[in-house]
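S.K.: Could you have a look at this structure, given as structure tokens, before my questions?
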Amino acid sequence: GESVGLHLPTLSVQEGDNSIINCAYSNSASDYFIWYKQESGKGPQFIIDIRSNMDKRQGQRVTVLLNKTVKHLSLQIAATQPGDSAVYFCAENTGGFKTIFGAGTRLFVKA
Amino acid sequence: NAGVTQTPKFRVLKTGQSMTLLCAQDMNHEYMYWYRQDPGMGLRLIHYSVGEGTTAKGEVPDGYNVSRLKKQNFLLGLESAAPSQTSVYFCASSYNSEAFFGQGTRLTVV
């Protein structure tokens, strides 16, 4: 997942703009990737996933891009809304039941 | 449909005390997990279970024990709490790789 640090990376965007949240994963054997959203005081919530045999997957207002060559994952949120303000985690899974989470990125949406 | 329910939501313990965190899911999921979340870090897996009566160690199992006597419940125990166990604990369940999380338990050990 993302490099672990003491401070969460932060992204601040204007309401209505598109957001791009990036994640570098470490294990080239990971074959399944998930993005979670965590609002303050709540548990993480599944947003979208992608398997390693794909390079793009779209959901409602969200798109996940996977670049296996450079081990990079991104989450794009279209027309960002105040309700999108949260911490976003990427997670990688190598099969089985151990999912490794990144440190998270905090998204602020300015009205 | 309650999903994943954790109790308690908050707890303060003194060093050396013991406690059990309860996780209950009503989705008939086989797999259940306990994570801890610390500031500036992602979730780290403590223990997990792939079915009733089974448990396995995750990334950070030391100081914790778990039990899965019933499919719907996964208990996390701290036998002798330490300040380093101050954290927010999340339980999750899944039927595949997508996990459903509870609301979390904020534990402070003083």
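Coordinate-derived values only; no laboratory data. Note that the structure is predicted; figures quoted are calculated from it, not measured. Cβ: placed from backbone, ideal geometry, glycine included. Neighbour counts: every protein chain shown.
S.K.: Residue by residue through B:89-101, how many Cβ atoms from other chains fall within 10 Å of the Cβ on average? Walk me through the numbers on the way to the answer.
M.R.: Details: counts 0, 4, 1, 3, 0, 3, 0, 3, 13, 6, 10, 4, 7.
Taking the mean over all residues of the peptide, I get 4.
S.K.: How much net charge surrounds A:Asp17 when only other residues with a Cβ under 14 Å from its Cβ are counted (Lys, Arg +1; Asp, Glu -1)?
M.R.: Taking every other residue near A:Asp17 into account, the sum is 0.
S.K.: Can you tally the net charge around B:Trp34? Count Lys and Arg as +1, Asp and Glu as -1, for every other residue whose Cβ sits under 12 Å from the Cβ of B:Trp34. Walk me through the numbers on the way to the answer.
M.R.: On the way: positive: B:Arg36, B:Arg44, B:Lys57, B:Arg68; negative: B:Glu59.
In short, +3.
S.K.: Rg and Dmax in Å for the range B:40-83, alpha carbons only: what are they?
M.R.: Final numbers for Rg and Dmax: 11.3, 34 Å.
S.K.: Kindly give the semi-axes, whole Å and largest first, of the ellipsoid equivalent to the range B:13-110, taking each as the square root of 5 times a Cα gyration tensor eigenvalue. Working shown, then result.
M.R.: Details: eigenvalues 97, 41, 25 Å².
With the √(5λ) rule applied to the range B:13-110, the semi-axes are 22, 14, 11 Å.
S.K.: Seen from all sides and averaged, what is the projected area of the convex hull of the Cα atoms in the range A:5-51, in nm²? If you can, show how the numbers build up before the last one.
M.R.: Details: hull surface 19.5 nm².
Dividing the Cα hull surface by four gives the mean projection, 4.9 nm².
S.K.: How do A:Thr99, B:Thr55, B:Thr105, B:Thr5 rank when sorted from fewest to most other Cβ atoms within 10 Å of their own Cβ?
M.R.: Ranking A:Thr99, B:Thr55, B:Thr105, B:Thr5 by Cβ neighbours within 10 Å, fewest first, gives B:Thr5, B:Thr55, B:Thr105, A:Thr99.
S.K.: For peptide A:98-105, how many partner chain Cβ atoms fall within 10 Å of a residue's Cβ, on average? Let's see the in-between values first.
M.R.: On the way: counts 6, 11, 5, 7, 3, 4, 5, 0.
Per residue, the average neighbour count from other chains is 5.
S.K.: Which residues among the range A:78-93 fall inside the zone where the amide N is under 19 Å from a point 7 Å beyond the Cα of A:Lys56, along Cα→Cβ?
M.R.: Inside the label zone: A:78-80.
S.K.: Further, regarding this structure: Restricting things to alpha carbons, tell me how big the range A:1-96 is in terms of Rg and Dmax, in Å.
M.R.: So, for the range A:1-96, Rg and Dmax equal 13.2, 39 Å respectively.
S.K.: Here is a further query. Whole number please: convex hull volume per residue, Cα atoms of the protein assembly as shown, in Å³.
M.R.: On the way: hull volume 27.1 nm³, N = 221.
Roughly 122 Å³ of hull volume per residue.
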